[in-house]
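These notes are about the structure you will find just below.
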Amino acid sequence: MSVMSSVMRGARRLVLLHPAGSSAPPLTCQHHRKFASKQVKGQRKEQKVREKVDKQEVEVRRGMTAAELAVAMNRDFAHLQEALQHLDALRPNMRLDEHCIKEAVTRSGMKFRFAKLSDDRERTNQDASRKPPAAPALLVPRPPVVTIMGHVDHGKTTLLDSLRKSQVAASEAGGITQHIGAFLVQLPTGEKITFLDTPGHAAFSAMRARGANATDIVVLVVAADDGVMNQTIESIEHAKRANVPVIVAVNKCDKPQADAQRVKQELLAHDVVCEEFGGDVQAIHVSALKGDNLLSLAEATVALAEVLELKADPSGAVEGVIIESRTDKGKGPVTTAIVQRGTLRRGTVLVAGKSWAKVRFLFDENGRAVAEAAPGTAVQVVGWKDLPPAGDEFLEVETEQRAREVVEWRSYEEEQQKLQEEQRAIELKQQLHLQEYREERAGLEHLSWRKRKSALYRAYKTRFATRQNEKTQQDELSLPIIIKGDVDGSVEAILGIVEGYDAQQQCDLEVLHFGIGDVSENDVNMAEAFGGSIYGFNVTASKPIQQLAAKRGVPLRLHSVIYKLIDELKDELGSKLPPGVIEVPVGEATVLAIFEVSVGKKKVPVAGCRVQKGQLDRRLKFRVIRGQDTVWEGSLAALKHHKDEVQTVKTGMDCGLSAVDNVAFSAGDVIMCFEERDVPQVTSWDPGF
């Protein structure tokens, strides 16, 4: 109580000292105390502001190669290999799938963005094209371009030899033309004719088509003793498609069995109507070997050229077509071209396909340097940066910079077209996948989610259990090959033959690489890596390359005749196949009587026989034939002559034999003894020649 009263007295004393309404300062405490702060609900906690780092954005597209992705990321190829360590054999030209592209960009700390086709299409067209036709006043007559076509060994090249007094046919490998040859022939009357000699072999169909498309007149050579053959008919079809007039040269009329009238009648079946049958096709009887009537053929060609009124503008921009292309050791990429417009000179900048050239040298068919090439003439062009494919047209452009722009645009267009095709394929695959997905789940809609999940699990389990073993797929037979040729047309012909390969069920034929020029060390390295072979046509391999190929076990097969190359390819395909088994009859016997002998507690049937042909050998296989049916096949348990065990029984001898199996022999049965031998299999592929 005393404590409470003292407290109350103190309180009253404070009130009296500081009554209400007074301006005295409030009572303050001089002692400060720090309290621990506590997070109150609703109160924000101060956070450190993290600076946002802008990642580098990489524009990617589907189907990029590893080298293209490295350039887009502005990194070297070693960085890309480190980012994609799970890919064991990453090569610069390897195309990456979408997952690998995303993974490489993400692991490098970058962002990816797919290129849009719609934005790319807005680029300005920078392609070069042919100029409008020149004014008639600028046109001057030009030599006609004449293509010699026909079946193999009908005398096309010999005909040209007689016209230009040369010996080309004697130097050709195998006696057949395997390239397009271009020659300018000047007749005694002063007229000039540019001749193209095309191969007649079945493998060079594309070359014949190219010759027909670049020509003004086709001279169809048909042997009078042979008549119309396969390549003759094909040459007629090429001329019709190119809408080119035809002159028929009935060759080998000097032979005793020649029948020119039969040749012209056979041509009627293919809509080639000669003048004596009421048509407009000239038919000249010649002998290329003896030179008979060649002047009449030349006059007929010149007359037809005058009717066609062949003219060109020699002053305009150069235009023409590439007949053949090859790589020369001293000159680099070389093309054989026909000038169709303008005058081609040194220093002219040309564009053909995705390649361009600043002309350094011009050579004629004899290898002599020429200053210029007028319209209608054939010339060899040196100065190409890359080798253009045969059959492309070439155009003159103003400058080297303009040529680069054209080549870049054409490469870009090809790339965009490829992207669109890949996009269409992806969309089609997605649609098929979505359709399969919907069909798979259509029958499960009535089930609960648990039952649906169980049903899908069982379906997936069955599918993976019945999936073909990947190891079995890898054990399939295959033959990887590398093709090298002297000219673009030869490689084109070989690839055309290989493309018709139809025996994949026996052995898969895969073209690893193809190119123009001699066999190189890179070719040997690639063939060794993939276990393949190198096939060269009209090319060579240096001594060190041959030694390297032999050391590494790479087959190097060089040929100068195309059908011999294909024959060796067929032989190698056959050698990859497992050997086949054939049955070789050794002897034959007739069953005369049946009896049983006791062997232990068993009774074994024994056939008493007489050998009619050859001999019976116990170590070989036997077959029992009853009438037309085979009732047993297998091995013998015993073969006896009288009571002696023997290995063989010869013609005219009696014997007793018992089989390993329990066979019910019958009198009159024929017992045949045969041997199984392994023989090499032959591929079923037929290239057509």
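The values are calculated or read from the model by the stated rules, or taken from the named source; none is laboratory data. Computed from a prediction, not measured in an experiment: that's the story for all the values here. Heads up, the Cβs are rebuilt from the backbone with ideal geometry, glycines too, and the neighbour counts pull from every protein chain shown. Ligands, DNA and RNA are excluded from the accessible area calculation, which covers all protein heavy atoms including side chains. Shrake-Rupley method; radii C 1.70, N 1.55, O 1.52, S 1.80 Å.
Defining a contact as two alpha carbons under 8 Å apart and six or more residues distant in sequence, what relative contact order in percent does the range 593-689 show?
32
In this structure the amide hydrogen of TRP632, modeled in the peptide plane, comes within under 5 Å of the amide hydrogens of VAL624, none closer than 5 places in sequence on its chain. Extending 7 Å from the Cα toward the beta-carbon at both GLU675 and GLU421 defines two label points whose distance is 5.6 nm.
Could you calculate the contour length gain from PHE514 to GLU393, that is, 0.36 nm times the residue separation minus the distance between their Cα atoms, to one decimal place in nm?
Additional length available on full extension: 41.3 nm.
Placing pseudo-labels 7 Å out from each Cα toward the beta carbon at ARG619 and ALA503 gives an inter-label distance of 3.3 nm.
Fully extending the segment from ASP97 to VAL581 would add 169.7 nm, taking 0.36 nm per residue of separation and subtracting the current Cα-Cα distance. Listed by chain and number, the aspartates and glutamates whose C-alpha is less than 18 Å from the C-alpha of LYS564, apart from same-chain residues fewer than 8 away, are ASP153, GLU172, ASP486, GLU492, GLU499, GLU572, ASP686. For ASP661 and GLN612, a Förster radius of 22 Å and the Cβ-Cβ distance give a FRET efficiency of 0.40, rounded to the nearest 0.05.
Here LYS131 is the anchor, and the aspartates and glutamates within straight C-alpha reach of less than 15 Å, apart from those fewer than 8 places off in the same chain, are ASP313, GLU319, GLU393, GLU396, GLU398. Length gained on full extension, ASN125 to ARG557: 151.0 nm, using 0.36 nm per residue less the C-alpha separation.
Listed values for the range 326-336 are Karplus-derived 3J(HN,Hα) couplings in whole Hz (6.51 cos²θ - 1.76 cosθ + 1.60, θ = phi - 60°), namely 7, 10, 9, 4, x, 9, x, x, 10, 10, 9, and x replaces Gly and Pro.
Across ILE247, ILE233, ILE284, the residue with the most accessible area heads the list, and the full order at a 1.4 Å probe is ILE233, ILE284, ILE247.
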